[in-house]
Amino acid sequence: MSEIFKSSATLSDAPVPVTVAGIAIIATRCLSVLMLANELGYSEIANFVHRSAQSWDSTLIFIASQLIFLFELRCAFTLMRGSNRGRWGYVATQGVVLIYMLFASLGGIYPEIFSIDGDNNVQIIHHTLSQKIPDLLVLMLLFLPASSRAFFRKR
């Protein structure tokens, strides 16, 4: 078993933009969960899970959000090892999340668990896109620097 860990790529093999992007994905996702837990408290988290389990559509969206969270973490770890699938997996999850947030915020999908409020459609779209700016910066770190592109190309 130890031979598997010795032969795999280490974190020091990854260029700085890829390492920063991977750590940023992990940190932002874990910190967002901690901040949400701190804001809601135990009783409100239990209440949220209970409300999410009241109907099938809420339950499916809740489970999907947890799976996306875990998949994003997995993508972060694999992209730091040089897997191009991790990079494209993260792009796919961001696309799915953005599309869901836009549809839920504009009233196209019920229930709107992860929707963003606004007065008109332009304001809603602006707020939704502004929520995704950190993820866009992470994607830029994965795709724009020449060292990042070369790292994923050689793997």
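The values are calculated or read from the model by the stated rules, or taken from the named source; none is laboratory data. This is a predicted model, so every value here is computed, not measured. Counting neighbours? That spans all protein chains shown, and the Cβs are built from the backbone with ideal geometry, glycine included. Remember, those area values only see protein heavy atoms, side chains included, never the ligands or the DNA or RNA. Shrake-Rupley method; radii C 1.70, N 1.55, O 1.52, S 1.80 Å.
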Counting pairs of alpha carbon atoms under 8 Å apart in space and at least six apart in sequence, what relative contact order in percent does the chain give? 30 percent
Which angle between 0 and 90 degrees, to the nearest 10, do you get for helix 84-105 versus the longest principal axis of the chain when only C-alpha atoms count? 10 degrees
Per residue of the chain, what 222 nm ellipticity follows from adding -39500 (n - 2.57) for every DSSP H run with n ≥ 4, rounded to the nearest 500? -26000 deg cm²/dmol
I'd like to check one number: the per residue accessible area of the chain, probe 1.4 Å, reported in Å² as a whole number. 64 Å²
Want the number for LEU137 to ARG81: 0.36 nm per residue separation, take away the alpha-carbon distance, what's left? 18.2 nm
Contour minus end-to-end for ARG74 and SER130, with contour as 0.36 nm per residue of separation and end-to-end as the Cα-Cα distance? 17.7 nm
Roughly to the nearest percent, how much of the accessible area of the chain is carbon and sulfur, given a 1.4 Å probe? 68 percent
For GLU72, GLU44, the accessible-area ranking with a 1.4 Å probe, largest leading, is GLU44, GLU72
If I model a spin label as a point 7 Å beyond the Cα along the Cα-Cβ vector, how far apart are those points for ASP57 and ILE99 in nm? 1.8 nm
